[in-house]
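Have a look at the structure below, then the notes.
The values are calculated or read from the model by the stated rules, or taken from the named source; none is laboratory data. Quantities reported herein were computed from a predicted structural model and do not represent experimental measurements. Counting neighbours? That spans all protein chains shown, and the Cβs are built from the backbone with ideal geometry, glycine included. In case anyone asks, the SASA skips ligands and DNA or RNA and just uses the protein heavy atoms, side chains included. Shrake-Rupley method; radii C 1.70, N 1.55, O 1.52, S 1.80 Å.
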Amino acid sequence: MSEMANTDPEGLDGVRMSWNVWPRTKVEASKCVIPLAASISPICPHPDIPTLPYAPLRCKTCSAVLNPFARVDFAAKIWICPFCYQRNHFPPHYSMISETNLPGELYAQYTTIQYALPQNPNPNPNLDFPSLPPVFLFVLDTCMIEEEMGFVKSALKRAIGLLPENALVGFVSFGTQVQVHELGFSEMSKVYVFRGSKEISKEQILEQLGLGVSARRTGGVGYQKGAPIGFPNSGITRFLLPASDCEYTLNALLDELQTDQWPIPPGSRASRCTGVALSVAAGLLGACSMGTGARIIALVGGPCTEGPGTIVSKDLSDPVRSHKDLDKDAAPYFKKAVKFYESIANQLVSQGHVLDLFASALDQVGVAEIKVAIEKTGGLVVLAESFGHSVFKDSFKHVFEEGEQSLGLCFNGTLEINCSKDIKIQGIIGPCTSLEKKGPAVADTVIGEGGTTAWKMCGLDKSTCLTVFFDLSSSDRSNTPGTVNPLLYLQFLTSYQNPEGQLMLRVTTVSRRWIDSAVSSEELVQGFDQEAAAVVMARLTSLKMEIEEGFDATRWLDRSLIRLCSKFGDYRKDDPSSFTLNPSFSLFPQFLFNLRRSQFVQVFNNSPDETAYFRMLLNRENIPNAAVMIQPSLISYSFNSLPAPALLDVASIAADRYHNQPEHQAFAQLLQAPHDDAQMIIRERFPVPRLVVCDQHGSQARFLLAKLNPSATYNNAHEMAAGSDVIFTDDVSLQIFFEHLQRLAVQS
C-alpha cells in the first residue's frame, strides 16, 4: 500500500495533518515550529464509506478496533493490533475468513468504516422501543419590539412544520420571568412561572414542574396512556410532545404570545433573565431518559440583565463590555457570568444535551459569555442584526431542513483516539468536552480540551471538524535501529446517534511515516500541508489570545514564521536576496500575513461577541472553509476570459471601462454571473453568510477594501496606474512583510 497515493486531501478519512511525515523525537518536532496536529471531520459523509451491520472487534489490551493495518494470521485466526502489538483471537463467527474471504473492516481501501450498532439491551423488556426520538426545546426571549417578535414567530412556525413527526417539542418563553408552557393539556393553556432574579437548582426546577423524585414515586403526575416511548411513567410528557400532536397547540400559543409586559423605566434596559431561562430548560431536559438526544434552541434578542448570567446592568448609560474593558479588567459581570454558563455547560454535557444560540440584536447579547456552553456541547450559533435578516431566517430554516441540504444533526457523540506508542495527545480545539479519561497516550501539556483520550460531543453534524494536537514522548529511541516500526498509526472512533436515532460507530484509522529528520528534512518538507498548518496556527492563536494574559498574537505569529523560514528556507547566511522557499511552504507566509490582519487576531472594531462568534465558527469548520475565513478568495469576472482567481490585492480591483460599449446584453449577463455564483456558495454554508454588494467608492466598499493587501496606499499613490484604488492605511503591505521576513530569516 502506497502511503502517499492519496490525492484527495480530505478524502475518505476526513483527516488533514499539518505534517504528513512525522519527525521521530520531541526535540526534532519542536524544531518544526508548526505543531503536529490533525484536523478531523468525525462524521463527514462520503459515498465510498461502507456500513457494516454488526459490532466491531476490539483489541483486548488497548481496545482499538480491528482495521486494515492489523497483521492477520489466517491459519491461526489471530490478528495483531498495530497499536499495542497484542495478539487477539478472532471469535467463532469469523471462522470462515481467509485471504480471499475478508470481512469488510480488513479491506485495504476501507480505512474509514461505519458500524450500525445494536441498541443497548433494555433493562425493561416490556418497553421495546426502536430508538429514542430527538427532543427540541425552544427557548424564546419575549423582550423585543412587536416587529422582531413577528419575525421570530413566523420563523418558529415554519421550523415546527419542518420537524420530523416523531420529534418531541417543548416551549419555554422568558422576559423578566421564565414561563414553561404545558403543551400536553390543549383545552387550556397552563404555564409554570419561575422568578428570573435568583439561581434555582435542577432539583428545585423538577420539583416545581411536578417532575421531582416525590412525583415520580407516586407514578408521575398527569401520566397519560400512549405516552411517547422512552419516557416511562414520567410527567415530562406534559411538556414534551411529538411535533405532529402539538403543532396546532403551539401555533395557537405563538399567536397569543405577547412581548414581555413588564414596564421598562426610561433610560433602562429591558429586564431579561436569559441565565435562569437556560438553567430551567436544562433542568426540564434532565427529566428525560438517559441517552435521549436533545437540543435547547435559544432565540435571544438582547443582553441578560436579570439574575445569574447577567452581562450588563439595567442602566442604559452603562455600555456592554468591550475588548478594552476585558483587557483592563473593567467588566464587572464577565467572570461571574462565564462561571455560571460553565456550570450550565457541565450540566448539559453530563445529560448529553446541546445548546444552540440564535442571537439577533443591534447591541451585544452575551455570546462571549455563553460561548463556553455552546462550544462544550457542540451547539450551533448564529449572530445577526435582526430576526428579519436573511442571516437568521435562512440559517434557522436550514437547521430543520431534510434531504441533501440538511445539516445532518446527530446526538450524543463520543470520540476516542488510539495512537502508536510514542505519540501523546495534548488536546482538542473545537466543539467537544474532555471526558478526563487518563491513559498512557495523554500528554503532560494541555491544549484546549485535554488530559484525556476520550471526548464528549453532545451535538455534531456532517461538517463538524476538530483539531487534535499531538506531542511525542521525550525518551529517545533512535539508538535501536531496525526494531522500530517505520509507520505510525492513529485511530479515531466516533460513536453517535444519527438523525434517525440509530447508534453508529465510525472508525477511521490512518497511517503516516516516521522519518529521522536529523538526517534529512527533504521528506518532511514534502509532507507539509500549508493550508492545514495555517488553520492550525489560527486556531491555536485564537485559543492563546483567550486564555493567556497579555498574549501578543502578532509577535508570536511573526516569530513562528521567522523560525520556520530559517529552518526550511534555502539561503546564504545574511543575504536576503538569496532567500527562496520550497513550493510546499510558498503560500504559508501569505496565509499568516492575512491571519495577522484577520478578525481572529485584530479585535479592534469588533465587539467581544463578534470575536467569540468568529472564533467559534473558525474552530468547527473544515480546513478549506477555515482557510477562506483567514484568506478570502477573490474571483475576477471579465468578458475575455472565464471567472478566475485574482490576487487578494488592491491592484486587482482597478476599474474596467465597459460602459461606453454598445452591446449591453453581454454586460448584463456578466454582472449577473457573480450573483449566481454567490448564491451557490451561500446555499452550501452554515450559518448563511451575509452578502455585501458594493461598487467602487460606495460606502459598502469598505468591506472589500479591508480584506485586500494594501499594495497601494496614500504613501505611494503617485506610483500607481490611473483608475486603480488606493487604501488609506498605515498597515504594511505583503511585499514589505516579505522583505522583512527574508531579512530576519537569513540572519545568522
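Within segment 162-171, identify whether any single residue is out of contact with any Cys (no Cβ under 6 Å at 6 or more places or on another chain), at pLDDT below 95 and among the small types (Gly, Ala, Ser), and answer yes or no.
Within segment 162-171 (the criterion being out of contact with any Cys (no Cβ under 6 Å at 6 or more places or on another chain), at pLDDT below 95 and among the small types (Gly, Ala, Ser)), the answer is yes, since at least one residue qualifies.
I'm checking my understanding of the structure. Among residues of segment 665-709 that are assigned to a helix (DSSP H, G or I) and among the charged types (D, E, K, R), which one is nearest to VAL650 (Cα to Cα)? Outline the logic, then answer.
Restricting attention to segment 665-709, the residues satisfying the condition of being assigned to a helix (DSSP H, G or I) are 665-684, 701-705.
Now restrict to residues that are among the charged types (D, E, K, R): 676-677, 683-684, 702.
Values: ASP676: 24, ASP677: 22, ARG683: 28, GLU684: 28, ARG702: 12 Å.
For segment 665-709, the residue satisfying everything is ARG702.
Tell me, please, whether a residue that is touching a Gly at 6+ places or on another chain (Cβ under 7 Å) and touching a residue at least 40 places away in the same chain (Cβ under 8 Å) can be found in segment 547-567.
Here is the first cut: in segment 547-567, the residues touching a Gly at 6+ places or on another chain (Cβ under 7 Å) are none.
No, segment 547-567 contains no residue that is touching a Gly at 6+ places or on another chain (Cβ under 7 Å) and touching a residue at least 40 places away in the same chain (Cβ under 8 Å).
Looking only at segment 554-599, how many residues end up being part of a loop (DSSP other than H, G, I, E, B) and either hydrophobic (A, V, I, L, M, F, W, C) or crowded, with 17+ Cβ neighbours inside 10 Å (or both)? Break it down stepwise before answering.
The first filter runs over segment 554-599 and keeps only residues part of a loop (DSSP other than H, G, I, E, B), leaving 569, 571-575, 579, 581-587, 598-599.
Next cut, either hydrophobic (A, V, I, L, M, F, W, C) or crowded, with 17+ Cβ neighbours inside 10 Å (or both) only: 569, 571, 579, 581, 585, 587, 598-599.
Result for segment 554-599: 8.
Does segment 464-471 contain any residue that is at pLDDT 95 or above, over 24 Å from LEU564 (Cα atoms) and touching a Phe, Trp or Tyr at 6+ places or on another chain (Cβ under 9 Å)?
Step one: list which residues in segment 464-471 are at pLDDT 95 or above, which gives 464-471.
Among the residues that remain, those that are also over 24 Å from LEU564 (Cα atoms) are: 464-466.
With touching a Phe, Trp or Tyr at 6+ places or on another chain (Cβ under 9 Å) added as a condition, the list becomes 466.
Checked segment 464-471: at least one residue is at pLDDT 95 or above, over 24 Å from LEU564 (Cα atoms) and touching a Phe, Trp or Tyr at 6+ places or on another chain (Cβ under 9 Å).
Only one of these conditions is not met by GLN747: (1) open to solvent by 80 Å² or more (accessible area, probe 1.4 Å); (2) within 38 Å of the chain's Cα centre (by Cα); (3) modelled with pLDDT of 85 or more. Which number is it?
Unmet condition: (2).
Can you tell me which condition LYS393 does not meet? The list is (1) part of a helix (DSSP H, G or I); (2) open to solvent by less than 30 Å² (accessible area, probe 1.4 Å); (3) not polar (S, T, N, Q), and all the others hold.
(2)
Taking interchain pairs and intrachain pairs at least six residues apart, which have beta carbon atoms under 7 angstrom, with the first residue in segment 350-362 and free of Cβ contacts under 8 Å to residues at least 60 places away in the same chain and under 25 Å from ARG269 (Cα atoms) and the second of a type in the set (Gly, Ala, Ser) and part of a loop (DSSP other than H, G, I, E, B)?
That search, which allows pairs on different chains as well, returns LEU357/GLY379.
Conditions tested, residue by residue: (1) surrounded by 19 or more Cβ atoms within 10 Å (Cβ to Cβ); (2) part of a strand (DSSP E or B); (3) among the hydroxyl-bearing types (Ser, Thr, Tyr).
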site	(1), (2), (3)
ASN412	yes, yes, no
LYS421	no, no, no
ILE428	yes, yes, no
LYS438	no, no, no
LYS456	yes, yes, no
ASN485	no, no, no
PHE492	yes, yes, no
SER495	no, yes, yes
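Among the residues of segment 21-46, write down those that are of a type outside the set (A, V, I, L, M, F, W, C), under 23 Å from the mean Cα position of the chain (by Cα) and open to solvent by 20 Å² or more (accessible area, probe 1.4 Å). Give the derivation first.
Here is the first cut: in segment 21-46, the ones of a type outside the set (A, V, I, L, M, F, W, C) are 23-26, 28, 30-31, 35, 39, 41-42, 45-46.
Still in the list and also under 23 Å from the mean Cα position of the chain (by Cα): 35, 39, 41-42, 45-46.
Correct list: PRO35, PRO45, HIS46.
Looking at (1) modelled with pLDDT under 90; (2) in contact with a Lys or Arg (Cβ under 9 Å, 6 or more places away or on another chain); (3) not polar (S, T, N, Q), can you tell me which one CYS143 breaks?
(1)
Residues being in contact (Cβ under 8 Å) with a residue 60 or more places away in the chain, farther than 21 Å from LEU503 by Cα and aromatic (Phe, Trp, Tyr): count how many of those fall in segment 98-122. Write out each step before concluding.
First pass over segment 98-122, keeping only residues in contact (Cβ under 8 Å) with a residue 60 or more places away in the chain: 105, 108-120.
Restricting the remaining residues to those that are farther than 21 Å from LEU503 by Cα gives 108-109.
Restricting the remaining residues to those that are aromatic (Phe, Trp, Tyr) gives none.
Total meeting the criteria: 0.
Collect the residues in segment 163-180 that are within 12 Å of CYS143 (Cα to Cα), open to solvent by 10 Å² or more (accessible area, probe 1.4 Å) and assigned to a loop (DSSP other than H, G, I, E, B), keeping them in residue-number order.
Within segment 163-180, the subset within 12 Å of CYS143 (Cα to Cα) is 173-178.
Next, from what is left, pick out any that are open to solvent by 10 Å² or more (accessible area, probe 1.4 Å): 176-177.
Answer for segment 163-180, where residues must be within 12 Å of CYS143 (Cα to Cα), open to solvent by 10 Å² or more (accessible area, probe 1.4 Å) and assigned to a loop (DSSP other than H, G, I, E, B): just THR176.
Need the failing condition index for ARG295 against (1) more than 28 Å from GLN119 (Cβ to Cβ); (2) open to solvent by less than 10 Å² (accessible area, probe 1.4 Å); (3) touching a Pro at 6+ places or on another chain (Cβ under 8 Å), just the number.
So the condition that ARG295 fails would be (1).
Enumerate the pairs (first residue in segment 598-615 and among the aliphatic types (A, V, I, L, M); second residue anywhere and in a helix (DSSP H, G or I) and open to solvent by 10 Å² or more (accessible area, probe 1.4 Å)) with beta-carbon separation below 6 Å, excluding pairs fewer than 6 apart on the same chain, so at least 6 apart or on different chains.
Matching pairs, first to second residue: VAL603/HIS323; ALA612/ALA368; ALA612/LYS371.
Are any of the residues in segment 302-316 touching a helix residue (DSSP H, G or I) at 6+ places or on another chain (Cβ under 7 Å), basic (Lys, Arg) and outside any helix (DSSP H, G or I)? Talk me through it step by step, then tell me what you get.
Step one: filter segment 302-316 for residues touching a helix residue (DSSP H, G or I) at 6+ places or on another chain (Cβ under 7 Å), giving 304, 307-311.
Then drop every residue that is not basic (Lys, Arg), which leaves none.
No: zero hits.
How many of the residues in segment 603-633 are of a type in the set (A, V, I, L, M, F, W, C) and surrounded by fewer than 16 Cβ atoms within 10 Å (Cβ to Cβ)? So that I can check it myself, show each step before the final result.
So in segment 603-633, the residues of a type in the set (A, V, I, L, M, F, W, C) come out as 603-604, 612, 614, 616-618, 623, 626-630.
This time we only want the ones that are surrounded by fewer than 16 Cβ atoms within 10 Å (Cβ to Cβ), so: 604, 628.
Going through segment 603-633 one residue at a time, the tally reaches 2.
Consider segment 327-366. How many of its residues are open to solvent by 50 Å² or more (accessible area, probe 1.4 Å) and farther than 18 Å from GLY302 by Cβ?
Residues flagged as open to solvent by 50 Å² or more (accessible area, probe 1.4 Å) and farther than 18 Å from GLY302 by Cβ within segment 327-366 amount to 12.
Exactly one of these conditions fails for LYS462: (1) in contact with a helix residue (DSSP H, G or I) (Cβ under 9 Å, 6 or more places away or on another chain); (2) within 27 Å of LEU383 (Cβ to Cβ). Give me its number.
(1)
To keep it simple, each residue is scored yes or no on (1) modelled with pLDDT of 95 or more; (2) open to solvent by 10 Å² or more (accessible area, probe 1.4 Å); (3) closer than 28 Å to ILE113 by Cβ; (4) within 22 Å of the chain's Cα centre (by Cα).
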| residue | (1), (2), (3), (4) |
| --- | --- |
| TRP514 | no, yes, yes, no |
| GLU522 | no, yes, no, no |
| VAL535 | yes, no, yes, yes |
| ALA538 | yes, no, no, yes |
| GLY550 | no, yes, no, no |
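Could you give me the residue pairs with C-beta distances under 9 Å whose first residue belongs to segment 68-97 and is β-branched (Val, Ile, Thr), whose second residue is part of a loop (DSSP other than H, G, I, E, B) and loosely packed, with under 13 Cβ neighbours inside 10 Å wherever it lies, and which are 6+ apart or on separate chains?
VAL72/GLU99
Count, please, the residues in segment 367-383 that happen to be of a type outside the set (A, V, I, L, M), in contact with a Leu (Cβ under 9 Å, 6 or more places away or on another chain) and open to solvent by less than 10 Å² (accessible area, probe 1.4 Å).
3
Is segment 552-574 home to any residue that is aromatic (Phe, Trp, Tyr) and within 25 Å of the chain's Cα centre (by Cα)? Show your work before the answer.
The first filter runs over segment 552-574 and keeps only residues aromatic (Phe, Trp, Tyr), leaving 556, 568, 571.
Right, trim to within 25 Å of the chain's Cα centre (by Cα) and you get 556.
Taking every residue of segment 552-574 in turn, at least one turns out to be aromatic (Phe, Trp, Tyr) and within 25 Å of the chain's Cα centre (by Cα).
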